[in-house]
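> Below you will find the structure I want to go over with you.
The values are calculated or read from the model by the stated rules, or taken from the named source; none is laboratory data. Note that the coordinates shown come from a computational prediction; the quantities given were computed from them, not determined experimentally. Cβ placement follows ideal geometry from the backbone for every residue including glycine, while neighbour counts extend to all protein chains displayed.
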Amino acid sequence: MIQLLIHRLLRRRHFWRYANFSEVAELYASRTMRILAQQMIGLFIALYLYEQGYSVKFIAVYMAISFAFRAFVAAYPSAKFVARFGPKHGILVGNLLYIPALIGFSLVPHYGVPALAVFGFFQGISMVIYDLSYMVDFSKVKHADHAGKEIGYMQILERFTASISPFVGGAIAFLLSPEAMMWFSAILFATAAIPLLRTREPVQQHQKLSFRGFPWHLARRSVVAETAVGFDNFASLGVWALFLAIVVFAGSGSDIYLKIGFFASITVVTSFLAAWSFGRIIDWRHGGDLLKVATIANAATHLFRPFVASAAGVAAANISNEVATTGYTMTFLRGLFDTADLSRHRIAYLYLIEVALNIGDMLAALTLLGLVLLLPDVVHALQLFFVVTAAYFLIVLGTRFRLYR
């Protein structure tokens, strides 16, 4: 059903330079279910650990180790796998590996840290190989003249799915249990792998991951800026959910998942409008200006978060974050894909981007840990963390994509 709808949407647009419409529909059907499953659980990982009695200090340490594992252990073999077997094989493997991760996470109440270790191991490999594979795949099949519009449609699909996922997950957790949410998510990951079983690879297989002749001068700034993207991701997901649970919705009880999921999902209309508008702005050659404005707006959103104390404030922060994140994500991705084309080392460059993303997440977790250790009150630590995030995210302004010159 999802595949048929996507097929009808894209057929008239003739975007795709290397892939046929059936392959695109299969890719996006898989992507939709992956995002639904991933976002259903992703927003609640830190919250679930906190509800299980783990301290914010422990959560920060665990997250830092998890992202270090992704950056320094999982990323390189994942890149070699994608180079040898192709990105669609990587997407398939990434979907399947998240299933044992969720099984491990659902057993945390019974087995504690060993179950968390199983979850971190499989989730880390799954996230890295999937993200890298998807970036390689999309950067290859996009059309150079309409990339902004294509990224816009991709973002409409992704942001819509990401917007409804937390509410679906929160409702399942509230009506049944958090563990039921994890099992349902695991079923979706298995389903997401099915559309890819018939697809062929869009890139040459049996390649070698090589940095010989790599244009470091072209890639350096964007790789550094990607660490800020990882920092922002960590703040907007795990830390924001913790802040809402500890400060805004303190004492809510079993409906905390439903409340946070609901407020995360009210941005669905904003997602459509922002992605549709920003895609055209990028194709009108104003992507560089949009990147600057969205970056500043996103930093301002983080500065606003420490002062949120009501449901209205949560809604305002989430909507502001949705618009700003969509704006900088679309323009940044357009710049990344153009740089990947210019580098002539597509997989090597996107591998560095994936490493930088997870290093940024790791730095954010270590920053949270440092603040919790230095400050006597965890609430003040969370509030100051958002201020640090706002300052660090401005690194994105230093990106100099050749496309936007």
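> Which pairs do you get when a residue that is in a helix (DSSP H, G or I), found in the stretch 214-241, comes within reach of a residue that is crowded, with 17+ Cβ neighbours inside 10 Å and among the charged types (D, E, K, R), reach meaning Cβ atoms under 6 angstrom, with the pair 6+ apart or on two chains?
GLY230/ASP361; PHE234/ASP361
> Further question: Report every pair of residues separated by at least 6 positions or lying on different chains whose Cβ atoms are under 6 Å apart, first residue within the stretch 375-396 and over 19 Å from ALA225 (Cα atoms), second outside any helix (DSSP H, G or I) and hydrophobic (A, V, I, L, M, F, W, C).
As it stands, the answer is ALA381/LEU375, since those pairs meet every condition given.
> I'd like the full set of residues that are among the aliphatic types (A, V, I, L, M), within 30 Å of ALA340 (Cβ to Cβ) and surrounded by fewer than 21 Cβ atoms within 10 Å (Cβ to Cβ), limited to the stretch 230-264.
LEU237
> Condition first: modelled with pLDDT under 90 and more than 29 Å from VAL223 (Cβ to Cβ). Can you find one or more residues in the stretch 295-306 that meet it?
We begin by selecting, within the stretch 295-306, every residue modelled with pLDDT under 90; these are none.
No - not one qualifying residue is present in the stretch 295-306.
> In this structure, is LEU382 touching a Phe, Trp or Tyr at 6+ places or on another chain (Cβ under 9 Å), assigned to a helix (DSSP H, G or I) and either modelled with pLDDT under 95 or surrounded by fewer than 22 Cβ atoms within 10 Å (Cβ to Cβ) (or both)?
Against the criterion (touching a Phe, Trp or Tyr at 6+ places or on another chain (Cβ under 9 Å), assigned to a helix (DSSP H, G or I) and either modelled with pLDDT under 95 or surrounded by fewer than 22 Cβ atoms within 10 Å (Cβ to Cβ) (or both)), LEU382 does not qualify.
> Quick check on ALA117: is it assigned to a helix (DSSP H, G or I), closer than 28 Å to ILE353 by Cα, at pLDDT 90 or above and over 17 Å from the mean Cα position of the chain (by Cα)? Reasoning before the result, please.
Working: assigned to a helix (DSSP H, G or I): yes; closer than 28 Å to ILE353 by Cα: yes; at pLDDT 90 or above: yes; over 17 Å from the mean Cα position of the chain (by Cα): yes.
Yes: the conditions hold for ALA117.
> From the residues in the stretch 129-147 that are among the small types (Gly, Ala, Ser) and either in contact with a Cys (Cβ under 6 Å, 6 or more places away or on another chain) or modelled with pLDDT of 55 or more (or both), which one is surrounded by the fewest Cβ atoms within 10 Å (Cβ to Cβ)? Spell out the reasoning first.
As a first pass, look at the stretch 129-147 and keep what is among the small types (Gly, Ala, Ser): 133, 139, 144, 147.
Applying the additional criterion that residues be either in contact with a Cys (Cβ under 6 Å, 6 or more places away or on another chain) or modelled with pLDDT of 55 or more (or both) yields 133, 139.
On the way: SER133: 27, SER139: 23.
The residue in question is SER139.
> Tell me which of these ALA324 doesn't satisfy, since it passes every other one: (1) more than 30 Å from ARG280 (Cα to Cα); (2) surrounded by 22 or more Cβ atoms within 10 Å (Cβ to Cβ); (3) without any contact (Cβ under 8 Å) to a residue 40 or more places away in the chain.
Unmet condition: (1).
> Considering the stretch 356-382 alone, what residues qualify as being touching a Lys or Arg at 6+ places or on another chain (Cβ under 8 Å) and among the polar types (S, T, N, Q)?
ASN358
> Have a look at VAL355, VAL372 and point out the one that is under 16 Å from LEU242 (Cα atoms), in contact (Cβ under 8 Å) with a residue 60 or more places away in the chain and not hydroxyl-bearing (Ser, Thr, Tyr). It would help to see each step written out before you state the result.
Details: VAL355 fails: under 16 Å from LEU242 (Cα atoms).
The match here is VAL372.
> While we're on this one: From the list GLY213, GLY169, which one is exposed (fewer than 14 other Cβ atoms within 10 Å of the Cβ) and modelled with pLDDT of 70 or more? Steps first, please.
Values: GLY169 fails: exposed (fewer than 14 other Cβ atoms within 10 Å of the Cβ).
One residue alone meets the criteria, GLY213.
> Still on this model: Would you pick out the residues in the stretch 27-67 that are among the polar types (S, T, N, Q) and either part of a helix (DSSP H, G or I) or touching a Ser or Thr at 6+ places or on another chain (Cβ under 9 Å) (or both)? Before the answer, list the steps.
Just the residues of the stretch 27-67 that are among the polar types (S, T, N, Q), to begin with: 30, 32, 38-39, 52, 55, 66.
Answer for the stretch 27-67, where residues must be among the polar types (S, T, N, Q) and either part of a helix (DSSP H, G or I) or touching a Ser or Thr at 6+ places or on another chain (Cβ under 9 Å) (or both): SER30, THR32, GLN38, GLN39, SER66.
> Only one of these is more than 17 Å from the chain's Cα centre (by Cα), in a helix (DSSP H, G or I), over 14 Å from ARG34 (Cα atoms) and at pLDDT 75 or above: GLU179, GLU150. Name it. Talk me through it step by step, then tell me what you get.
Working: GLU150 fails: at pLDDT 75 or above.
After ruling out the rest, the residue left standing is GLU179.
> Right, VAL61: within 30 Å of ASP137 (Cα to Cα) and surrounded by fewer than 21 Cβ atoms within 10 Å (Cβ to Cβ) or not? Even if it seems obvious, please write down each step before you answer.
On the way: within 30 Å of ASP137 (Cα to Cα): no; surrounded by fewer than 21 Cβ atoms within 10 Å (Cβ to Cβ): yes.
No; evaluated as a whole, the condition is false for this residue.
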